[in-house]
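Chemist: Sending over a structure as structure tokens; questions will come in a sec.
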Amino acid sequence: MGRPTSKSELISAAAANYDEMNEFIAAMSEKELSTPFSFDDSKKEAHWKRDKNLRDVLIHLYEWHQLLLDWVFSNQKGENKPFLPKPYNWKTYGKLNEWFWQKHQNTSLEEAKSMLDKSHKEVMALAETFTNEELFSKGIYQWVGNSTLGSYFVSNTASHYNWAIKKLKAHRKNCQNTN
């Protein structure tokens, strides 16, 4: 399925990708869970070097859920709040991701799983409160800018879960290649 463009597609893709990610995690071996992530240098994006284990991936997803929830709730209350907190912007959000990573180095894997499960449910419940038009029509909310509110939900759920699955699959392949 392509990128969701309706509420029903968003809800379906987010649920399916979240379930797929959790099924993959449940099937991870002890070796996969205990081996630190290590990816070759051909992978240029910063996250390939940043995240060292499953906890780091789950915390990343959790923190981006928090950004979305805070942004939507704040703007619904009339606060004019940008999606990314100051001093970050779309050119410097990599530094924000590093800050999230650093913030959670003492968070356990079990805590990360629990936090993500709770935030996923909160994001999905929030998405349900909007109509299809509110989610996927431009110009509905001034605070969304030139995008749609739904695109933020897609990016922080279905697409982000797909990113995590790809990363975990790459880790599994690395673990198998070191036998």
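The values are calculated or read from the model by the stated rules, or taken from the named source; none is laboratory data. The shown structure was predicted, so the numbers you read here are calculated from the model rather than taken from an experiment. Reconstructed Cβ throughout: ideal geometry from the backbone, glycine too, with neighbour counts over all protein chains shown. We work out accessible area using only protein heavy atoms, side chains counted, and drop any ligands, DNA or RNA first. Shrake-Rupley method; radii C 1.70, N 1.55, O 1.52, S 1.80 Å.
Chemist: If only Cα atoms are counted, what is the Rg of the chain, and what is its Dmax, in Å?
Modeler: Calculated on Cα positions, Rg and Dmax stand at 16.8, 56 Å.
Chemist: Using the heavy atoms of the protein chains alone and a 1.4 angstrom probe, what is the accessible area of segment 1-149 per residue in square angstrom?
Modeler: Details: 8590 Å² over 149 residues.
About 58 Å² of surface per residue is accessible.
Chemist: Suppose every Lys and Arg Cβ carries +1 and every Asp and Glu Cβ carries -1, with no other charges. What dipole size does the chain come out with about its Cα centre, to the nearest 20 debye?
Modeler: Details: 24 positive and 22 negative charges, 123 e Å.
Roughly 600 debye for the chain.
Chemist: Another question, if that's okay. Distance between the C-alpha centers of segment 29-52 and segment 129-172? Whole Å please.
Modeler: Here the answer is 25 Å between Cα centres.
Chemist: Let me ask you something else. Any idea what the relative contact order of segment 118-179 is, in percent, if you count C-alpha pairs under 8 Å spaced at least 6 apart?
Modeler: Here the relative contact order equals 21 percent.
Chemist: On to the next question. Let me see the pair-distance distribution of segment 1-50: every alpha carbon pair, 5 Å bin width, integer percents in order.
Modeler: Per 5 Å bin, starting at 0, the Cα pair percentages come out as 4, 16, 14, 13, 19, 18, 11, 4.
Chemist: Hey, another quick one. Determine the gain in length on full extension of the stretch residue 23-residue 8; use 0.36 nm per residue of separation and subtract their C-alpha separation, reporting nm with one decimal. Kindly include the intermediate steps, with their values, before the conclusion.
Modeler: Details: separation 15, 0.36 × 15 = 5.40 nm, distance 2.23 nm.
Here the answer is 3.2 nm.
Chemist: Looking at the square roots a ≥ b ≥ c of the eigenvalues of the Cα gyration tensor of segment 75-120, which shape do they give, rounded for a/c under 1.5, prolate if a/b is larger than b/c, or oblate? Let's see the in-between values first.
Modeler: Values: a/c = 3.24, a/b = 1.40, b/c = 2.31.
Since a/c reaches 1.5 but b/c is at least a/b, the shape of segment 75-120 is classed as oblate.
Chemist: Any of 49/138; 7/44; 77/166; 7/77; 81/169; 91/121 with alpha carbons more than 31 Å apart? Name them for me. Write out the running numbers ahead of the final one.
Modeler: Working: 49/138 36 Å; 7/44 33 Å; 77/166 37 Å; 7/77 23 Å; 81/169 36 Å; 91/121 29 Å.
Listed pairs above 31 Å: 49/138; 7/44; 77/166; 81/169.
Chemist: A further question follows. Please compute the contact order of segment 1-106 in relative form: average sequence separation of alpha-carbon pairs under 8 Å and at least six residues apart, divided by the residue count, as a percent.
Modeler: Numbers: 42 pairs, mean separation 21.8, N = 106.
This gives 21 percent for segment 1-106.
Chemist: Please find, in a Gaussian network model of the chain (springs between Cα atoms separated by less than 10 Å), the residue of 147, 155, 42 whose mean-square fluctuation is greatest.
Modeler: Top of the fluctuation ranking is 42.
Chemist: Determine, from the Cβ-Cβ distance of residue 107 and residue 174 and an R0 of 22 Å, the FRET efficiency 1/(1 + (r/R0)^6), rounded to the nearest 0.05. Walk me through the numbers on the way to the answer.
Modeler: Working: r = 23 Å, r/R0 = 1.07.
With R0 = 22 Å, the Cβ-Cβ based efficiency is 0.40.
Chemist: Mind checking which of 106, 53, 162 has the largest fluctuation in a GNM of the chain, springs on alpha carbons under 10 Å?
Modeler: The residue that fluctuates most here is 106.
Chemist: How far apart, in nm, are the 7 Å Cα→Cβ label points at residue 138 and residue 81?
Modeler: 2.6 nm
Chemist: Continuing with the same structure: Could you please state how large a percent of the accessible area of the chain is carbon and sulfur, counting protein chains only and using a 1.4 Å probe?
Modeler: On the way: 5040 of 9870 Å².
Solvent-exposed carbon and sulfur of the chain make up 51 percent of the total.
Chemist: A further question on this structure: Please report the relative contact order for the chain, taking Cα pairs under 8 Å with a sequence separation of at least 6, and give it as a percent rounded to a whole number.
Modeler: Numbers: 162 pairs, mean separation 70.6, N = 179.
Worked out over the chain, it gives 39 percent.
Chemist: Size of the dipole of segment 1-73 about the Cα centre, Lys and Arg at +1 and Asp and Glu at -1 on the beta carbon, nothing else charged, in debye to 20? Don't skip to the end; give the middle numbers.
Modeler: Working: 9 positive and 13 negative charges, 41 e Å.
Charge dipole, segment 1-73, about its Cα centre: 200 debye, nearest 20.
Chemist: Apply the a/c threshold of 1.5 to the C-alpha gyration tensor of segment 92-160 and tell me whether it is rounded, prolate or oblate. Write out the running numbers ahead of the final one.
Modeler: Working: a/c = 3.53, a/b = 1.67, b/c = 2.11.
Oblate shape, in that a/c is at least 1.5 and b/c is the bigger or equal ratio.
Chemist: Let me have the 222 nm mean residue ellipticity of the chain computed from DSSP H runs of 4+ only, each contributing -39500 (n - 2.57), with the sum over all residues rounded to the nearest 500. Don't jump to the answer; show the numbers that get you there.
Modeler: Numbers: 9 runs with 116 residues, N = 179.
Rounded to the nearest 500, it is -20500 deg cm²/dmol.
Chemist: On to the next question. What spacing in nm lies between the two simple spin-label points modelled at residue 131 and residue 41, each 7 Å away from Cα in the Cβ direction?
Modeler: 5.6 nm
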